[in-house]
Structures are given as structure tokens and as C-alpha cells.
């Protein structure tokens, strides 16, 4: 591959990466529009419509053989069962946070996520970490402790989101499936339960789908598949073309946009306690990024 082609692929990767993290940062706007739907029902819709979006893509890519092989491998299937539980919990907590006007805590959780990833890699994968990254993790921990001790109790939404997504990434890191195929299998594992729940809600007359509750409501629910699946496909495309350090820096776009949405658009309270916590988190993130870049260069 020529230098010009390498640069072209990198530019494409940056485009996919920016699209991914901007989309994730603005995704709360969509979930606010469907906040009238029960969170568990919305989670079920995410599963069903994501499976329908991903199925033709997996078939067209001729990857069904890999999917069937994974389903026959007990170890891979067990790992995917664990990752399925974690990603569904992550989605559910995210939805509950958005509909209960706690987007600021979501933002904090995704700022913490890379720091959690480092600790999980240290504990479970025996990865090494330099002093600057240790400082970043320590500052993040101080920020969370400040919020827990001086605010409204333990920030369970932030910690739960970071831990769920951190352990999810740890499990998926050790499976051979890519982002698209892995997510398709996870939705397939959840599909029977999700369909049964939606059919039960409709039988009870409490389901939002086909209820004509609001103009375009059914289309909005169907769009949950696109909102869920498409940015993950973009992320996979970016990850193939960019070094991990670049991806690591870009991932902070999403929580930054969520932060501004929470404070400037949705008017969530941003107290002096929040300010101290976020200063610790932001300085910790800078230490983490600089430390990561220095270690990779070394």
C-alpha cells in the first residue's frame, strides 16, 4: 500500500471515528423523544430492530458461517452470553438515566470508562501502566469520591455504565468476532426474550408499538435499530483504519457532547460539587491521554 493510500485510509478512518462519537454524543436527543415508552420496552425494541438491521449486513458479508461456528463453540457462546447481559444492562441503565434527566451522570460514566478499561486490563490481562496513566486513574477516583461524599449519594449510574461497558469490552476483546458479527449474535441471543416481552405487552394493551400513541411513534421505535447498530459499524470501520491511540483520544467527544447537552440544552443542575468532580475527571483524562501517547512512543 502506497503512502498516499495509507493517508487516504487514515482520513476515511478519522471520518468514521468522528461520525461515531458525534452520533453517540447526540444520541440522548433521540432517547428523549421516546421517553414516553417504558424503558424495558424500549430496550426490547433496540434488540429486535438491531437484529433486523444487522441480519442482512451479516448475510451480504458472507459471515453467517462465522456466526454458526460461534454458536457451536461452547466457550465462545458462554462469553457472548456474558457480553449480552452486560450490553443489555448498559443499554437499560442509559435509557433510564436519559428519561429521568440524569444525562450529566451518563457523561461522567463515559469519561470514566477508559480509566476503568485500564484497571481491568491491569487486573485481568496483566497490562502495564506508566505513572502518568496511574495519576489519571487516581484523579478520576478522587472525582468520583467527591461526588459520592458531597452530593446526592453514590453516582451509581456513572459507575454502572463504566463498569458494564468496561467488562463488556474485556470479554469481547477475548473473542474472535468483530463488532458487527458480535453484536448480531448478542441481539440474536436476546431476540426470543425481547419478542416475547413485546408480544406480552401488546396482549396486555400496554405496548407502545402499533398503539398510535403519537404521530410517527412506530417509526421512532423502529429507528432504535439504526441508532444502535449503525454507529457500531462506523466504529468498526474506524478501528480498522486508525491506531488505538487516535481512537482513545476521539472517544472523549461523546461524553463532552453529552455534558453540553445536559447543562446547556436540558438544563440539568451543574453545582460546585459537579464542577470539582469534572475538573478532576478532565485533568485525569489529560494525564491518561498524554501517558498513553508517551508509552506508545517509547
> Does residue 208 satisfy the criteria of being under 25 Å from residue 136 (Cα atoms) and either out of contact with any strand residue (DSSP E or B) (no Cβ under 9 Å at 6 or more places or on another chain) or assigned to a loop (DSSP other than H, G, I, E, B) (or both)?
Replying inline: no
> Considering 227, 286, which residue is out of contact with any strand residue (DSSP E or B) (no Cβ under 8 Å at 6 or more places or on another chain), farther than 23 Å from residue 36 by Cβ and part of a helix (DSSP H, G or I)?
Replying inline: 286
> Of the residues that make up the stretch 229-239, is at least one buried (at least 16 other Cβ atoms within 10 Å of the Cβ) and more than 17 Å from the chain's Cα centre (by Cα)?
Replying inline: no
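This table checks each residue for (1) within 14 Å of the chain's Cα centre (by Cα); (2) not in a helix (DSSP H, G or I).
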{"position": "6", "(1), (2)": "no, no"}
{"position": "13", "(1), (2)": "no, no"}
{"position": "25", "(1), (2)": "yes, no"}
{"position": "29", "(1), (2)": "no, no"}
{"position": "53", "(1), (2)": "no, no"}
{"position": "62", "(1), (2)": "no, yes"}
{"position": "71", "(1), (2)": "no, no"}
{"position": "97", "(1), (2)": "yes, no"}
{"position": "110", "(1), (2)": "yes, no"}
> All but one of (1) part of a helix (DSSP H, G or I); (2) in contact (Cβ under 8 Å) with a residue 40 or more places away in the chain; (3) over 21 Å from the mean Cα position of the chain (by Cα); (4) over 18 Å from residue 43 (Cα atoms) hold for residue 201; which doesn't?
Replying inline: (4)
>> Checking residue 240 against (1) touching a residue at least 24 places away in the same chain (Cβ under 8 Å); (2) in a helix (DSSP H, G or I); (3) closer than 19 Å to residue 46 by Cα, only one condition comes out false. Which one?
In response: (3)
> For the subset of the stretch 180-192 comprising residues that are over 15 Å from residue 86 (Cα atoms) and modelled with pLDDT under 90, which member is surrounded by the fewest Cβ atoms within 10 Å (Cβ to Cβ)?
Replying inline: 180
> Which one of the conditions (1) modelled with pLDDT under 85; (2) under 27 Å from residue 73 (Cα atoms); (3) in a helix (DSSP H, G or I); (4) in contact with a helix residue (DSSP H, G or I) (Cβ under 8 Å, 6 or more places away or on another chain) does residue 144 fail to meet, given that it meets all the rest?
Replying inline: (2)
> Out of the stretch 117-168, which residues are touching a residue at least 60 places away in the same chain (Cβ under 8 Å) and under 16 Å from the mean Cα position of the chain (by Cα)?
Replying inline: 157, 160, 161, 164, 165, 167, 168
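A quick yes/no check of all residues on (1) surrounded by fewer than 22 Cβ atoms within 10 Å (Cβ to Cβ); (2) modelled with pLDDT of 80 or more; (3) in a loop (DSSP other than H, G, I, E, B):
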| residue | (1), (2), (3) |
| --- | --- |
| 94 | no, yes, no |
| 101 | yes, yes, yes |
| 104 | no, yes, no |
| 129 | yes, no, yes |
> How many residues does the stretch 243-283 hold that are modelled with pLDDT of 90 or more and not in a helix (DSSP H, G or I)?
Replying inline: 3
> Looking at (1) over 21 Å from residue 290 (Cα atoms); (2) modelled with pLDDT of 80 or more; (3) part of a helix (DSSP H, G or I), which is the only condition residue 175 fails?
Replying inline: (3)
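The values are calculated or read from the model by the stated rules, or taken from the named source; none is laboratory data. Worth saying up front: this structure is predicted, and the values here are computed from it rather than measured. Heads up, the Cβs are rebuilt from the backbone with ideal geometry, glycines too, and the neighbour counts pull from every protein chain shown.
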